[in-house]
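The values are calculated or read from the model by the stated rules, or taken from the named source; none is laboratory data. It should be emphasised that the depicted structure is a prediction, and the values quoted were computed from it without experimental measurement. Positions of Cβ are generated from backbone atoms using ideal geometry, with glycine treated the same way; all protein chains shown enter the neighbour counts.
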Amino acid sequence: MNKAKTFILEIITPLRVKFRGRVKEVYLQAYDGRIGILANHSPLVAIMRPGILEAKSWEGDFSLAVGEGFIKFTNNQATILARYAEAPDEVDVEAAKNKKAELEKEMSVKTLTSEEWGKKYWELQSAITRLKVSEMKEEKTEQNV
Amino acid sequence: MSDIRTIKRKIKSVINIQQICRAMKMVASVRIRNAERRMMQSKPFTDRYRQVVGELMAQTGEVYHPLMEVRPVKNTLLIIITSDKGLCGSYNSSIMAEAVSYFKEHAGEPVLIKVLGAKGLNYLVRRHYKIEESFKNWEPTFELAHKISSEIRERFLSKKLDRVLCLYSHPDSTMVQKPRLMTLLPLVDIDVQCNAKCLQISFEPPPREALGLILHNYLDVIVYQILLEANVAETGARLRAMTNATDNAEELIDELHLQYYRARQDAITTEILEVSGGAEALRQGG
């Protein structure tokens, strides 16, 4: 294992420390777009939007649905503090589907202020991400079969 | 003697109560393990969050945020966290005593009140306090913390509130709880620590905005931690109350048993006396 090309990644949520270990690369949804981080990245603080986080390590890759939060990368150590981080098999698909339908209905109303709409938009993204991530599991199991 | 039967009945009912208390003690001891685990698991998050906020403020030299603004206090909001269910000893009453003494100290000021838990609500309603909002059957979830904190945050930012306090019971250890009054807003407890190496950090979005967003969510984190701590304190208080109740019942049963034996012995003695007295009378008569 080439340690020089890896960095320590910590993913912490209010519920638990979701992940702590060495990874090669990580991709996530930052404030205005997706960013990728490799080892020896320059110091960075980025606000995260709800989205899919992909990490690649020597042991294997994994994807998580992560909520709002931020990432701090300093001294080759990344700390992600997010509202939630769910692996494909942890997503509550039913709840996410309901949430999505509900939000889509609410957002079709035209009286919303742009602020309200923005808030709902990210909530909707969060539901969509969860669904997307949960589908990843199914793909994987199909491949396994 | 009918006394024997009464004592017997009493013993039975005390045993029943003891069984209930013991069962509740068992439940509480399982719950406290869960509650403590949850508190410990969220600790890395809150600690790290606090640390990062302090570091970032030091490194960017950005030490002001509207949420940290200290204003002359006109409107105060007090959030009181109590339990929904009773049988937890002095848990609620010690919190309410603290609350009442706060109200007495700040008699002239307008204080808005929010209550979590039915016990605190009932107590205050009975004493005719005006309550702005109450939550019943609350669970220590991040959603609830988010709901509470986003509301007070908005009202603080729009200057409808100048100070937000929270009164809750803090678990000093599993068995010891103490009411604690904490200032939620303005944010005052951030220690801005400067790392020796001040790194050139790039921000996305720009520092002021990014820090704003991070601080914005900081309150959620604090409130969540408080909810978890209050939950641990409540369960701990219940565990202690139920342990005491079980022990007391044990003592009571012992004492009642003694009384029972004594009463029975009395009855037997009286009976023997009657029989021997009767026999004596017969012999003398005959």
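Points to keep in mind about this one:
- The number of residues in the range B:17-53 being more than 12 Å from every other protein chain (Cβ to nearest Cβ) and out of contact with any helix residue (DSSP H, G or I) (no Cβ under 7 Å at 6 or more places or on another chain) comes to 8.
- Residue pairs whose Cβ atoms lie under 6 Å apart, separated by 6 or more positions or on different chains, with the first residue in the range B:207-235 and away from every other protein chain (no Cβ under 12 Å) and the second among the basic types (Lys, Arg) and surrounded by fewer than 21 Cβ atoms within 10 Å (Cβ to Cβ), are B:Thr235/B:Arg31.
- Look at the range A:101-112: where a residue is at pLDDT 85 or above and a partner is charged (D, E, K, R), sitting 6+ places away or on another chain with Cβ atoms under 6 Å, you get A:Leu103/A:Lys120; A:Leu103/A:Glu123.
- Residues satisfying the stated conditions in the range A:75-101, i.e. of a type in the set (D, E, K, R) and within 22 Å of B:Asp220 (Cβ to Cβ): A:Arg83, A:Glu86, A:Glu90, A:Asp92, A:Lys99
- Selection status of B:Pro66, surrounded by fewer than 17 Cβ atoms within 10 Å (Cβ to Cβ) and touching a helix residue (DSSP H, G or I) at 6+ places or on another chain (Cβ under 6 Å): yes
- Inside the range B:132-151, residues that are out of contact with any Leu (no Cβ under 6 Å at 6 or more places or on another chain), within 19 Å of B:Ile95 (Cβ to Cβ) and not basic (Lys, Arg) make up a count of 5.
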